[in-house]
């Protein structure tokens with residue numbers, strides 16, 4: 001306690017100036033609930049803002065609201081009932097909310113654990129019904145009627161179970177109940193959607209309107225007090241315990257209260273104390289529903305205090321009506337920071353800002369221009385200046401009679417030297433001698449560069465003389481005025497030789513007479529309307545406009561003539577290139593060949609003959625097209641090969657604009673050291689057509705007849721050869737699927753041996769295991785080959801075989817392909833194993849062809865739940881094999897054609913038109929049966945029927 005008292009005594013000495021007396025009415029007895037206010041008072045925070053605050057403890061004798069409305073107290077504290085009073089016409093404004101949510105709660109006996117269990121129960125409410133708004137809200141929302149009892153403000157009746165429930169605060173009642181080891185339940189209004197503010201600070205509308213500065217300062221000081229209180233709870237608890245403990249609470253109780261209330265405050269956030277308009281509106285709606293009476297004032301637009309509007313209104317309508325003119329002391333040698341024009345108007349960065357503020361608040365600025373630095377200081381000391389345009393850091397304290405505004409300008413320091421001096425690298429200032437104009441610059445530099453030799457000289461002419469005579473190594477000034485200074489004293493003589501950007505920039509503000517604190521607030525208020533970007537824009541404006549003098553005329557003329565010479569040279573070169581380009585175009589268009597220039601495979605230049613050959617009207621139609629856009633598809637492989645290098649002339653088939661094909665003779669040449677290629681094209685269509693006609697005429701009739709006979713014979717041979725090739729292709733595809741996994745396994749085994757050998761941990765046992773695994777994979781590959789050899793081995797003799805085994809064996813060969821395409825195979829049979837005497841391998845081929853067709857159909861029509869169903873049936877005379885898929889079927893008009901020679905429904909790359917034709921031939925001739933196709937259930941069904949034997 002002695003330490004706290006001594007500390008508080010020291011604070012009182014620091015703030016012994018005349019203070020404005022302020023009183024605040026508390027909503028209850030002294031406790032930690034108001035600790036932030038105590039801290040702000042006892043630590044001198046209120047005094048720092050010029051306030052002498054006195055607390056009025058609640059005693060129940062007077063209505064706290066009425067004491068504020070009648071000016072007995074300046075400020076009061078209340079909860080959500082404040083909105084009720086506002087709705088009923090109370091002329092008040094809420095300025096600050098200590099708690100973002102109210103800690104008020106409904107405490108119930110342990111057995112009453114639901115709201116509905118409280119029906120018709122005895123509940124202690126505060127005597128003032130309005131104080132129970134949030135609790136009444138949750139009860140009414142659940143349509144629960146209770147018996148209200150007057151609150152005793154202590155928990156004794158609840159502990160003795162004389163009351164079923166009690167309204168209280170989590171920061172107080174909870175502590176006492178836990179202290180007595182009483183089990184209880186709590187119901188919080190915010191859990192039911194009624195999140196009300198707790199402890200809102202308010203004042204009368206009249207007081208706020210007439211004293212906005214006091215209200216603003218009171219808010220800022222109170223915020224500081226609460227932030228300190230919550231960040232230093234032991235100190236705040238001790239302070240409350242020692243000086244504000246009329247309830248004689250223990251430190252334990254106060255600490256408990258502090259920690260609970262801390263969780264309900266947003267003290268650590270930027271919006272601490274802010275009151276949200278939408279939340280107030282929701283609270284007002286709730287109150288109007290609870291108390292369905294006609295309120296005097298449903299408009300709450302003026303309930304929340306608007307600091308900016310209030311200050312703006314006060315300064316315009318009160319202070320500035322009596323104070324219209326203010327003197328401004330400037331130094332024109334500090335341009336562009338400040339200055340004055342020929343009309344005696346402020347200019348420069350500070351001038352722009354002050355003029356803007358003066359225009360907004362409608363007051364007059366009277367500049368006082370003094371070029372002499374010392375005389376300007378004397379004017380300030382002689383009380384002639386209300387405002388000084390620029391004061392760096394804390395230099396305003398030198399005047400003693402001046403205060404400063406918020407900072408509006410930042411500037412790094414730079415070093416000016418003679419033109420022949422070297423640049424000062426790495427900002428090394430040791431062992432050098434410098435001069436600066438201002439003491440604040442010297443103090444700032446010596447605090448960052450220990451041992452630096454820096455002189456202070458206010459006279460600019462003397463500083464320039466010292467630089468010229470090498471009395472100093474450099475002149476240190478700010479980077480805003482430096483260009484102006486060098487411009488004034490000669491670009492040919494001085495330069496910037498160093499930037500001190502690695503230290504914090506020096507900040508600048510306005511200095512304002514202490515006797516006019518309102519003027520300081522007006523300027524600060526005006527500065528708030530300038531964003532960082534606004535200040536930068538003003539600075540940039542003066543960077544552009546400040547160089548008014550013509551400098552180094554000889555250099556300007558040299559630059560001009562150099563630029564003119566370069567411009568004329570460029571123009572001459574452009575004209576020359578245009579003439580050459582015109583000549584080139586004329587040469588290109590006079591050739592009989594079509595000429596095309598390509599860059600990275602894209603056409604960027606062509607002559608008129610090329611357009612004529614390809615049938616285009618203008619170059620825009622073919623600009624940026626590639627080689628393949630002009631060549632027939634069948635010749636893609638030729639053009640791809642020929643583009644690799646220069647070639648002798650070769651023939652290509654071209655596609656004209658209308659789609660017709662023409663024959664062309666082409667020669668190409670790659671231009672060295674570039675991606676460009678030039679190609680020439682001659683249309684040889686007529687020549688090629690003539691050659692074809694002559695060839696036809698040279699063939700006699702006998703040769704043509706022999707040729708036709710030979711063609712017929714060869715056609716059949718080709719047909720069966722193609723079928724065999726297709727069959728081999730299918731076989732290779734199947735083998736590839738069967739071999740893929742074993743080959744992967746073999747690769748893994750070999751890699752394992754190599755890795756283990758490199759790491760020298762390949763044991764004999766591991767090697768033997770790997771060898772056994774390797775042999776198993778090789779055997780699998782060999783067996784696969786044997787299976788396929790047996791399947792495709794041609795057999796001319798009939799043999800006995802089981803039909804079911806043929807079908808399933810065929811499926812097993814291509815099972816990996818079915819699985820990779822996610823096709824489900826189903827086999828159905830209503831007969832026992834039937835043995836047939838016939839050509840087994842040919843039946844294999846027929847079934848394999850049908851399976852492959854289903855696979856190809858699924859690839860072209862990707863459906864979900866793909867299936868192939870095979871059914872083996874019999875009747876009295878015949879055996880029947882049905883193969884059905886759900887791959888979409890084929891068009892009805894094509895059903896009769898699918899067994900024709902060379903007819904295929906597949907794409908050109910996938911179909912030969914031989915598979916089903918040969919299958920039909922095999923079934924008709926070798927099995928004396930028939931094969932038919934039909935669309936069924938969104939798929940195709942192939943039915944093979946042949947007689948029993």
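In table form, for the structure just shown:
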quantity: Candidates 69, 51 - the one that is under 28 Å from residue 283 (Cα atoms), in contact with a strand residue (DSSP E or B) (Cβ under 9 Å, 6 or more places away or on another chain) and modelled with pLDDT of 90 or more; calculated: 69
quantity: Test set (1) out of contact with any helix residue (DSSP H, G or I) (no Cβ under 9 Å at 6 or more places or on another chain); (2) assigned to a helix (DSSP H, G or I); (3) surrounded by fewer than 20 Cβ atoms within 10 Å (Cβ to Cβ) - residue 441 fails condition number; calculated: (3)
quantity: Residue 523 being touching a strand residue (DSSP E or B) at 6+ places or on another chain (Cβ under 7 Å), crowded, with 18+ Cβ neighbours inside 10 Å and in a loop (DSSP other than H, G, I, E, B); calculated: no
quantity: Options 697, 652, 610: the member that is out of contact with any helix residue (DSSP H, G or I) (no Cβ under 7 Å at 6 or more places or on another chain) and surrounded by 12 or more Cβ atoms within 10 Å (Cβ to Cβ); calculated: 610
quantity: Residue within region 65-76 that is crowded, with 19+ Cβ neighbours inside 10 Å, under 19 Å from residue 163 (Cα atoms) and without any contact (Cβ under 8 Å) to a residue 60 or more places away in the chain present; calculated: no
quantity: Residues of region 83-98 satisfying the condition of being in a helix (DSSP H, G or I) and surrounded by fewer than 24 Cβ atoms within 10 Å (Cβ to Cβ); calculated: 84, 85, 87
quantity: Looking only at region 239-251, and only at residues there that are surrounded by fewer than 20 Cβ atoms within 10 Å (Cβ to Cβ) and in contact (Cβ under 8 Å) with a residue 24 or more places away in the chain, the one that is farthest from residue 57 (Cα to Cα); calculated: 242
quantity: Residue match in region 298-319 (condition: closer than 30 Å to residue 174 by Cβ, in a loop (DSSP other than H, G, I, E, B) and at pLDDT below 85); calculated: no
quantity: Residues that are at pLDDT 90 or above and out of contact with any strand residue (DSSP E or B) (no Cβ under 9 Å at 6 or more places or on another chain), drawn from region 117-134; calculated: 119
quantity: Hits in region 224-257 (condition: farther than 16 Å from residue 42 by Cβ and assigned to a helix (DSSP H, G or I)); calculated: 251, 252, 253, 255, 256, 257
quantity: Considering residues of region 371-386 that are touching a helix residue (DSSP H, G or I) at 6+ places or on another chain (Cβ under 7 Å) and surrounded by 19 or more Cβ atoms within 10 Å (Cβ to Cβ) only, the residue farthest from residue 330 (Cα to Cα); calculated: 386
quantity: Scope region 158-200; condition in contact with a helix residue (DSSP H, G or I) (Cβ under 8 Å, 6 or more places away or on another chain), surrounded by 19 or more Cβ atoms within 10 Å (Cβ to Cβ) and within 21 Å of residue 285 (Cα to Cα); matching residues; calculated: 189, 194, 196, 197, 199, 200
quantity: Checklist (1) at pLDDT 95 or above; (2) touching a helix residue (DSSP H, G or I) at 6+ places or on another chain (Cβ under 8 Å); (3) surrounded by fewer than 16 Cβ atoms within 10 Å (Cβ to Cβ) applied to residue 226, failing item; calculated: (3)
quantity: Unique match (being under 44 Å from the mean Cα position of the chain (by Cα), modelled with pLDDT of 85 or more and either in the same structural domain as residue 419 (by TED's automatic domain parsing) or assigned to a loop (DSSP other than H, G, I, E, B) (or both)) among 475, 530, 499; calculated: 530
quantity: Condition met for residue 147 (over 30 Å from residue 251 (Cα atoms), at pLDDT 85 or above and assigned by TED's automatic domain parsing to the domain that holds residue 216); calculated: no
quantity: Region 667-676 - residue that is out of contact with any helix residue (DSSP H, G or I) (no Cβ under 9 Å at 6 or more places or on another chain) and assigned to a strand (DSSP E or B) and, of those, surrounded by the fewest Cβ atoms within 10 Å (Cβ to Cβ); calculated: 669
quantity: Complete set of residues in region 258-291 that are within 12 Å of residue 87 (Cβ to Cβ) and part of a loop (DSSP other than H, G, I, E, B); calculated: 291
quantity: Verdict on residue 681 being in the same structural domain as residue 660 (by TED's automatic domain parsing), in contact with a helix residue (DSSP H, G or I) (Cβ under 8 Å, 6 or more places away or on another chain) and modelled with pLDDT of 55 or more; calculated: yes
quantity: Selection count where residues are part of a strand (DSSP E or B), farther than 17 Å from residue 535 by Cα and touching a helix residue (DSSP H, G or I) at 6+ places or on another chain (Cβ under 8 Å), scope region 398-415; calculated: 5
quantity: Complete set of residues in region 371-397 that are free of Cβ contacts under 8 Å to residues at least 24 places away in the same chain and either within 12 Å of residue 513 (Cα to Cα) or outside any loop (DSSP other than H, G, I, E, B) (or both); calculated: 375, 377, 378, 381, 382, 397
quantity: Single condition residue 423 does not satisfy, out of (1) touching a strand residue (DSSP E or B) at 6+ places or on another chain (Cβ under 6 Å); (2) not in a loop (DSSP other than H, G, I, E, B); calculated: (2)
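For (1) buried (at least 19 other Cβ atoms within 10 Å of the Cβ); (2) modelled with pLDDT of 90 or more, each residue gets a yes or a no:
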position	(1), (2)
838	no, yes
873	no, yes
882	no, yes
914	yes, no
940	yes, yes
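The values are calculated or read from the model by the stated rules, or taken from the named source; none is laboratory data. Values in this document were obtained by computation on a predicted structure and should not be read as measured data. So basically every Cβ, Gly included, is an ideal-geometry build from the backbone, and we count neighbours across all protein chains shown.
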